Amino acid sequence: MAFLAIDDLHVSIGTKQVLHGINLAIDDGEVIAVMGPNGSGKSTLVSTIMGRPNYQVESGSIVIDGKAIEGWSTDERARLGVALIAQSQPEIPGVRVDELVSSMYRFRGLDAQGVTERIVSEAVDLSLDQTLLNRWVNVDLSGGEKKKLETLLVSAVPQSLVIGDEIDSGLDIDALRDVARRLQRLNEEQGTALLLITHYPRLLREIRADRVVVLVRGKIVAEGGMDLAIELEGSGYQQFGVETAEHN
Ligand code: ADP
Ligand code: MG
Ligand code: MG
């Protein structure tokens with residue numbers, strides 16, 4: 001059975017309709033990429049999955065782990081083992097990384113003993129400066145450090161599905177490899193499914209995506225394998241009737 005099943009999902013933000021009938025299923029342990037031009041609704045899709053306020057489901061449904069989650073708060077969804085690495089990372093002054101991870105453990109009803117050792121070893125894995133673990137979350141971090149720290153946060157706690165919204169943007173080549181390998185290990189060792197929004201096949205090559213879907217103007221217009229991601233890198237989205245200006 002699919003861990004996440006999205007059926008004919010229509011979503012609006014305020015008066016603007018953004019998603020027009022999305023169908024997407026993600027099996028346990030599956031790795032799916034979502035590509036598409038800027039403004040096509042990719043972030044709206046993941047915000048809706050996470051239950052962000054103001055993302056209005058007009059019709060259709062989202063089922064996570066067999067539960068119809070309409071009306072559920074974001075934290076109730078997170079308790080199902082769904083985590084998002086958002087497109088931009090909020091700074092949280094006053095909260096240290098180790099405190100945040102400990103509270104994530106308590107939130108999920110897990111024993112937080114050994115958390116410090118756990119995050120240190122995660123930091124080593126990600127080539128992330130360990131001194132950042134004793135500082136406030138994301139405050140004064142570089143773009144690359146924020147992405148690594150977010151990867152650490154989702155990896156430190158067991159997850160069934162990790163969603164990444166353009167985690168590869170702003171990462172240098174080495175950092176991209178570190179982040180991609182960590183997510184791939186989550187997938188291979190813990191069976192965590194991955195839903196990865198990206199503009200570039202590079203991340204997908206590292207992680208070995210099972211399936212690529214293309215979102216244009218709030219609809220899925222194509223679906224394929226890695227070959228589709230590589231083709232899009234060369235040809236762009238004109239084949240789907242997208243004007244070049246739409247990319248800006
Ligand atoms: P993508 O992530 O594919 O670049 P988004 O999901 O961010 O696209 O945006 C899809 C469309 O929804 C865009 O036209 C965008 O301007 C609009 N949109 C996104 N967020 C809001 C918002 N909070 N209020 C109004 N319109 C929004
Ligand atoms: Mg986006
Ligand atoms: Mg796999």
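The values are calculated or read from the model by the stated rules, or taken from the named source; none is laboratory data. From a predicted model like this one, the values you see are computed outputs, not experimental measurements. No Cβ is skipped: glycine too gets one built from the backbone with ideal geometry, and neighbour counts run over all protein chains shown.
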- Task: Exactly one condition in (1) touching an Asp or Glu at 6+ places or on another chain (Cβ under 6 Å); (2) in a helix (DSSP H, G or I); (3) not hydrophobic (A, V, I, L, M, F, W, C) is not met by residue 146; state its number.
- Result: (1)
- Task: Kindly establish whether residue 172 is modelled with pLDDT under 95, surrounded by fewer than 17 Cβ atoms within 10 Å (Cβ to Cβ) and closer than 21 Å to residue 145 by Cα.
- Result: yes
- Got a sec? Which of 157, 162, 221 is more than 24 Å from residue 78 (Cα to Cα), outside any helix (DSSP H, G or I) and outside the structural domain of residue 50 (by TED's automatic domain parsing)? 221
- Query: So is residue 243 more than 16 Å from ligand 3 (Cβ to nearest atom) and more than 21 Å from residue 149 (Cβ to Cβ) or not?
  - Reply: yes
- Item | Selection count where residues are farther than 19 Å from residue 228 by Cβ and either of a type in the set (S, T, N, Q) or within 7 Å of ligand 1 (Cβ to nearest atom) (or both), scope the stretch 21-46 | 3
- Message: I want to confirm something. Restricting to the stretch 121-168 and keeping residues that are touching a helix residue (DSSP H, G or I) at 6+ places or on another chain (Cβ under 6 Å), polar (S, T, N, Q) and more than 28 Å from residue 65 (Cβ to Cβ), which single residue is surrounded by the fewest Cβ atoms within 10 Å (Cβ to Cβ)?
- Response: 130
